Amino acid sequence: SGLDFFIDKAVRCFFVKHYGVFDREIALRGNQSVVQHPDFKRDLNRVIDVRRCTIDLSNDDVRDLSRNVARLTPADGQYRGAYLVDSSLAFGLARVFNSFADDSAGEYKIFKDDQDHLIADLKNWLNLDEGYSLPNFMDPR
């Protein structure tokens, strides 16, 4: 279990890829790693990729995480977020997370791994140029 992340200041976006078991502790540790990075800004667009993870979160965990993340990373200005998921469970938990998050500055969209034009749609959502190369750890499929 673990994660990789990259903050691209040039396009005002950060990317997080989780591996293995995705549970409450991993989610909290990932959030802390990103917000403690010197390039982190609260109004950056964001991509959270939990594809190919084993999800080990209860609804209570998701509720607590959403409140914790909103408290730790209040936004300055508007941003867009994207979840990359590959299961109905991950899709549902991302929806639950958003419903509990008290974050009027962020607008999130959930992208399913099997949708046509996944990367093009993701780039369009985040206002990234068509030719932008995602970080290597963000495997497109």
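The values are calculated or read from the model by the stated rules, or taken from the named source; none is laboratory data. Fair warning: this is a prediction, and the values are worked out from it, not measured in the lab. Cβ sites come from the backbone with ideal geometry, for glycine too, and all protein chains shown count toward neighbours. For the accessible areas, the whole protein counts, side chains as well, though only heavy atoms, and no ligand, DNA or RNA atoms are used. Shrake-Rupley method; radii C 1.70, N 1.55, O 1.52, S 1.80 Å.
Out of the DSSP beta bridges found with both residues in the chain, what percent are antiparallel (nearest 5)? Could the numbers behind the result be given before it?
Values: 7 of 26 bridges.
The answer is about 25 percent antiparallel.
Out of every Cα pair in the chain, what percent are spaced more than 26 Å from each other? The partial results should precede the final answer.
Numbers: 1483 of 9870 pairs.
Summing the P(r) tail past 26 Å for the chain gives 15 percent.
Using 7 Å Cα-to-Cβ label points, what is the D60/L28 separation (nm, one decimal)?
Going by the 7 Å Cα→Cβ label model, 1.4 nm.
So if each residue of separation counts as 0.36 nm, and I subtract the Cα-Cα distance between V11 and S99, what length gain in nm does that give?
Numbers: separation 88, 0.36 × 88 = 31.68 nm, distance 2.72 nm.
29.0 nm is the gain from fully extending V11 to S99.
Carbon-plus-sulfur fraction of the accessible area of the chain, 1.4 Å probe, in percent? Present the calculation step by step, with values, prior to reporting the outcome.
Numbers: 3440 of 7590 Å².
The value for the chain is 45 percent carbon and sulfur by accessible area.
Calculate for the chain the 222 nm mean residue ellipticity that helices alone would give, adding -39,500 (n - 2.57) per DSSP H run of length 4 or more and normalising by residue count, nearest 500 deg cm²/dmol.
Values: 4 runs with 47 residues, N = 141.
Calculated at 222 nm, the ellipticity per residue is -10500 deg cm²/dmol.
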